[in-house]
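Here the structure is laid out as structure tokens; the discussion comes afterwards.
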Amino acid sequence: MQFVRWFLGRLILLFDFIFTPRSKKRAAEQQQKLDAMTANLKLYQFKACPFCVKVRRAAKREGLKLETRDAKNDEQYRQELLEQGGKVKVPCLRIEEQGEVTWLYESNDIVAYLEKLEKAA
């Protein structure tokens, strides 16, 4: 079973690499505004998780720059996710606004949040 997971993970990463979406083109001022809006967002993820790939592709498609944190291979990020977010479940978007932190867990909810951000800019 471990080999099957490893193989499927590599297959997912290969297809993600081959079919990477293009980012939206925008004016420099608008892109800077979006970059400022996403500066306090952190995406906790596993590299080969299909739901994480879905979120990363949506961010790429919208031209959003997200800091990604590998909660599978980095024990510090895994511990942060557990202690502060409450559970080790990915994808998880850590949203910090005005000193308040929110943890958003479902991939569809994260994609909807990112699309809303893009429209607000």
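The values are calculated or read from the model by the stated rules, or taken from the named source; none is laboratory data. Values in this document were obtained by computation on a predicted structure and should not be read as measured data. As a convention, Cβ positions derive from the backbone with ideal geometry for all residues, glycine included, and neighbour counts pool all protein chains shown. When the accessible area is computed, the model is the full protein with side chains, heavy atoms only, and any ligands, DNA or RNA have been set aside. Shrake-Rupley method; radii C 1.70, N 1.55, O 1.52, S 1.80 Å.
Using a probe of 1.4 angstrom and keeping all protein chains present, the accessible surface of the chain works out to 65 square angstrom per residue.
Largest to smallest in accessible area, the residues Lys25, Lys87 fall in the order Lys25, Lys87 (1.4 Å probe, all protein chains included).
Shown is the FRET efficiency for Arg22 and Asp109, computed with R0 = 22 Å from the Cβ-Cβ distance and rounded to the nearest 0.05: 0.35.
Distance from a point 7 Å along Cα→Cβ of Gln76 to each backbone N in region 26-53: keep the residues under 17 Å and list them by number. Taking a point 7 Å out along Cα→Cβ of Gln76, the residues of region 26-53 whose backbone N falls under 17 Å are 42-45. Annotation: extensible slack from Ala39 through Val88 equals 15.4 nm (criterion: 0.36 nm per residue apart, minus Cα-Cα distance). Within the accessible area of region 1-119, the carbon and sulfur atoms contribute 53%, probe 1.4 Å, all protein chains present. Once all protein chains are placed together, Lys47 keeps about 110 Å² accessible to a 1.4 angstrom probe.
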